[in-house]
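Report on the structure given below.
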């Protein structure tokens, strides 16, 4: 009985600790590398956003070199979006990943064509 | 007060035991009920004590039932974490059989058959639904009238009558099934 | 008792008599437990002690709360469970969200495709 209470209190404490504000210099080197584009703004982010970014950063080490590059390039723009915009993008991405492979390829081709036209 | 408690303790213990089928729990209930009586009503005239005590006892038994329900849920929830609780895990029927064997040794002048009959009646009582047993015991064993029973149970006289007649029927058929013949 | 008589109806009075006989031979262990319970209740008046249950010597089980302190412990336990449950669901949600975020941030399609401006 006492053991259960202890375990639960630890769990409570750890969730509370997770939710608290994390200064930039307390992040691990990997976290700092993944979130480098955010180093300046970090202190001004909301707790929720910090938490979200930290959990996103967890996946960083598993990325390929190319993916890491894209990740770092986009992170700044991504975190400037409003929470609603980010949620809309997630919904869109989820919907997009559910369409048939062939359709997806078509869309990707259109986007690539579109981009190459824009480029000088 | 002391005399009163001494007079009622055996019957009260048995009542609790029929309801919870566990002697430790029955003793706990009895102690709780006695403490409440002493705490609140030690200045009341002796004539009022039986009714007050019955009301407290029945409430305590009902509370125990409610707690037991929650406890069962908790025990299931934590069964993997908590070492087995021997008191809670006992088969109620098993404890009844123990009861029949050990706590009614019977006096030499009493027939074995009668001891067995008493054990079977107690067992059948234990199987009744809470309210039916409550009504039956208050009305016929404690000798309260219908109005007093209703007051002790916190229900209408009509419900008391219904509970009593159902209890009597259930007891009769349960005992007949066991081959017990009663007048 | 007259075992040769068999009636359809059961006489509650007879049952009551037998029950009373049943109380007359409780074993000594039970009788002394009863006496102890009675004494505890009677002494309770003088030594009313808030908080702790009186030990009758047969309290080895963890029952449901009897006292204020036990209720307190139960309340803490409940709150902890609810909080833990809520935070578990939140973590699950955040986990799913972070997966999507990483996918968007690393997809070969540019960010703008998914973002409405």
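The values are calculated or read from the model by the stated rules, or taken from the named source; none is laboratory data. Computed from a predicted structure; not experimentally measured. Here Cβ is always computed from backbone atoms with ideal geometry, including for glycine, and neighbour counts include all displayed protein chains.
Does residue C:34 count as surrounded by 17 or more Cβ atoms within 10 Å (Cβ to Cβ), part of a helix (DSSP H, G or I) and modelled with pLDDT of 85 or more?
yes
Consider the stretch B:38-70. How many of its residues are modelled with pLDDT under 80 and in contact with a helix residue (DSSP H, G or I) (Cβ under 7 Å, 6 or more places away or on another chain)?
0
Among the residues that make up the stretch B:142-152, is at least one of them under 24 Å from residue C:13 (Cα atoms), modelled with pLDDT under 70, assigned to a loop (DSSP other than H, G, I, E, B) and more than 8 Å from every other protein chain (Cβ to nearest Cβ)?
No, the conditions are met nowhere in the stretch B:142-152.
Do you know which residues across the stretch C:9-33 are within 7 Å of chain B (Cβ to nearest Cβ) and more than 26 Å from residue B:132 (Cβ to Cβ)?
Within the stretch C:9-33, C:25, C:27, C:33 meet the criteria.
Condition test on residue C:61, is it at the interface with chain B (Cβ under 7 Å from one of its Cβ atoms), surrounded by 14 or more Cβ atoms within 10 Å (Cβ to Cβ), within 22 Å of residue B:15 (Cβ to Cβ) and at pLDDT below 85?
The answer is yes for residue C:61.
For residue A:46, indicate whether it is modelled with pLDDT under 90 and within 16 Å of the chain's Cα centre (by Cα).
yes
Can we say residue B:35 is out of contact with any strand residue (DSSP E or B) (no Cβ under 7 Å at 6 or more places or on another chain), facing another protein chain (nearest Cβ under 9 Å) and in a helix (DSSP H, G or I)?
yes
Conditions first: (1) under 14 Å from residue C:115 (Cβ atoms); (2) surrounded by fewer than 15 Cβ atoms within 10 Å (Cβ to Cβ). Residue A:69 passes all but one, so which condition is the exception?
The single condition residue A:69 does not satisfy is (1).
Among the numbered criteria (1) at the interface with another protein chain (Cβ under 10 Å from one of its Cβ atoms); (2) at pLDDT 85 or above, which single criterion is violated by residue A:104?
(2)
State whether the residues of the stretch A:1-13 include one that is at pLDDT below 85, facing chain C (nearest Cβ under 8 Å) and not in a helix (DSSP H, G or I).
Yes, that holds for at least one residue.
With respect to residue B:14, determine if the residue is part of a helix (DSSP H, G or I) and at pLDDT 85 or above.
So residue B:14 fits the description; yes.
If you go through the stretch A:24-41 one residue at a time, do you hit one that is more than 9 Å from every other protein chain (Cβ to nearest Cβ), exposed (fewer than 15 other Cβ atoms within 10 Å of the Cβ) and modelled with pLDDT under 85?
For the stretch A:24-41, residues more than 9 Å from every other protein chain (Cβ to nearest Cβ), exposed (fewer than 15 other Cβ atoms within 10 Å of the Cβ) and modelled with pLDDT under 85: absent.
Just wondering, is there one or more residues in the stretch B:101-117 that are within 8 Å of chain C (Cβ to nearest Cβ), at pLDDT 85 or above and in contact with a helix residue (DSSP H, G or I) (Cβ under 7 Å, 6 or more places away or on another chain)?
Scanning the stretch B:101-117 turns up at least one residue that is within 8 Å of chain C (Cβ to nearest Cβ), at pLDDT 85 or above and in contact with a helix residue (DSSP H, G or I) (Cβ under 7 Å, 6 or more places away or on another chain).
Being more than 11 Å from chain C (Cβ to nearest Cβ), farther than 18 Å from residue B:148 by Cα, assigned to a helix (DSSP H, G or I) and at pLDDT 85 or above is the requirement here; does residue B:25 meet it?
So residue B:25 does not fit the description; no.
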